[in-house]
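Report on one structure; see the data block that follows.
Each value in this text was obtained by applying a stated rule to the coordinates, not by laboratory testing. Predicted model only: the values in this text are computed from it and were never measured. Note that we place each Cβ from the backbone using ideal geometry, even for glycine, and neighbour counts take in every protein chain shown.
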Amino acid sequence: LKIPQDLELKIFIGPYENILFSEGILISSNHPLGFVLLLDETFYGELTSEEKIALISHELGHLTNDDVVLMYNPNTPIQFQIGADTYATKYADPKAMISVLNKVNNRHGLGPSRQLYLRIQNLEKIRRDQQAR
């Protein structure tokens, strides 16, 4: 990981259904090198074990980006999301990350979007590359 070894990360699973159009939300904590990951318990409970790994790995992937994205922002460049998706595939099957993306999209009643399409295309490419090995 490109994450500092003394990083403090806490994961809270609770009634966070108002997380805006995302898989989870990563915010800084009071600890100088700390972060809190908030996950909605209803959504989290609907995920398979592999999808849970993909979801948490995706959020941790944001910490490996040069510019850390701490809160949902509709203007966040797609490369940050694609980078976090790619990171998640180190620990979970790309199909699990695709499934998480589709569940998030369906959860919020969103239609197809360019960002979703590009993210899934990237994950499909990674899946094909892994199968070719």
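The modelled label-to-label distance between residue 90 and residue 125, using points 7 Å beyond Cα along the C-beta direction, is 1.9 nm.
Cross-link partners of residue 125 among lysines, defined as those whose alpha carbon lies under 26 angstrom from its own and excluding same-chain residues fewer than eight positions apart: 2, 52, 90, 95, 103. The packing ranking of peptides 39-51, 110-122, highest mean first, is 39-51, 110-122, where packing means the average number of other beta carbon atoms within 10 angstrom of each residue.
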